[in-house]
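The structure appears right after this line, and notes come after that.
The values are calculated or read from the model by the stated rules, or taken from the named source; none is laboratory data. Keep in mind that this is a model prediction, so the values were computed, not measured. A quick note on method: Cβ atoms are made from the backbone with ideal geometry, for glycine too, and the neighbour counts reach across all protein chains shown. Remember, those area values only see protein heavy atoms, side chains included, never the ligands or the DNA or RNA. Shrake-Rupley method; radii C 1.70, N 1.55, O 1.52, S 1.80 Å.
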Amino acid sequence: MIHLGINVDHIATVRQARRTYEPDPVIAAALAEQGGADAITFHLREDRRHIQERDVEMLMRTVTVKTNFELACAPEVVAIACQWKPDCGLLVPESREEVTTEGGLNCTGDTSRIGEAITRLKDAGISVSLFIDPDVAQVEAAAALGADSVELHTGPYALAKGAKLDEELGRLAKAGDVAATAGMQLHAGHGLNYQNVRPVAALKNIHELNIGHSIVSRAVMVGMKDAVAEMRRILDLFV
């Protein structure tokens, strides 16, 4: 069964737009679990634009499924992750100018900083995943750095059309094969929605898909529990 991770960041985005206390990503996470989520993902950015440290604390105290703490390699945020000890630490690149994550980590050129973050997380007993582009060299570098899993960046696939769509899906498949051969668990995410998720879910060796914006958008219309349940039904076709 493909595991479904739900990213609750954009529940916090709505809250922070008014600097108030609602909607609460902690309540959203509980409803996501009721809808069939296998993991809850939350990204504590350096600029704190959505998830706050209070959210991390409450999520870590209340989530009963896998906790997936998304973070940059910044020492301050790594220290917070080590304090709360989530099941997984997902290392991602981060830029204050970006609207959302725009690409994968550079595992071939930023080895010192990434390696240091991996060591600190693993010393705290946290499994480490790296968010990378579906590039064979990046997958091989992630394995060399000691990552337990990789999350392939599906953003270019989600934006592709026509022949480019097949090309991007092929890149994901090839990178996934290399990851599996290297003994790493294979995850994917970014830009996935109810329409484009099926070809990615059908890829060999996919273990976990992490989806946020599309499900939160759907939840505005039908509620969080039903939005997650709808995606869960789609993924359950791929056993």
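When you filter the trypsin sites (Lys or Arg not before Pro) in region 150-186 for DSSP loop state and at most 15 other Cβ atoms inside 10 Å of their Cβ, you are left with LYS161. Against the set (1) 38, 19, 14; (2) 32, 19, 16; (3) 25, 23, 16, the structure's computed semi-axes √(5λ) of the Cα gyration tensor in Å falls on (3).
Loop only by DSSP, 15 or fewer other Cβ within 10 Å of the Cβ. Give me the trypsin sites (Lys or Arg not before Pro) in region 10-53 that pass, ordered by residue number. Write out the running numbers ahead of the final one.
Working: sites: ARG15, ARG18, ARG19, ARG45, ARG48, ARG49; in loops: ARG19, ARG45, ARG48, ARG49.
Sites meeting the loop and neighbour criteria: ARG19, ARG48, ARG49.
When a 1.4 Å probe is rolled over the protein heavy atoms, the share of accessible surface on the chain that falls to carbon and sulfur comes to 51 percent.
Using a probe of 1.4 Å on the protein chains alone, the accessible area found for TYR194 is around 20 Å².
Pairs of Lys residues in the chain are counted when their Cα atoms are under 25 angstrom apart and they lie 8 or more places apart or on different chains; the count is 10.
What the phi angles of region 76-82 give under the Karplus curve with 6.51, -1.76 and 1.60, with θ = phi - 60°, is a coupling list of 4, 6, 4, 5, 5, 4, 5 Hz, glycine and proline written as x. Dipole magnitude for region 86-239: about 440 debye, using +1 per Lys or Arg Cβ and -1 per Asp or Glu Cβ, origin at the Cα centre. Surface analysis of the chain yields an accessible area of 44 Å² per residue, using protein heavy atoms and a 1.4 Å probe. Remark: spin-label model distance GLN52-GLN16 equals 1.1 nm, labels positioned 7 Å along the Cα→Cβ axis.
Given DSSP loops and a limit of at most 13 other Cβ atoms within 10 Å, what is the longest stretch of the chain that contains no such GluC sites (Glu not before Pro)? Walk me through the numbers on the way to the answer.
Values: sites that count: GLU46, GLU97, GLU98, GLU102.
Here the longest run is 103-239.
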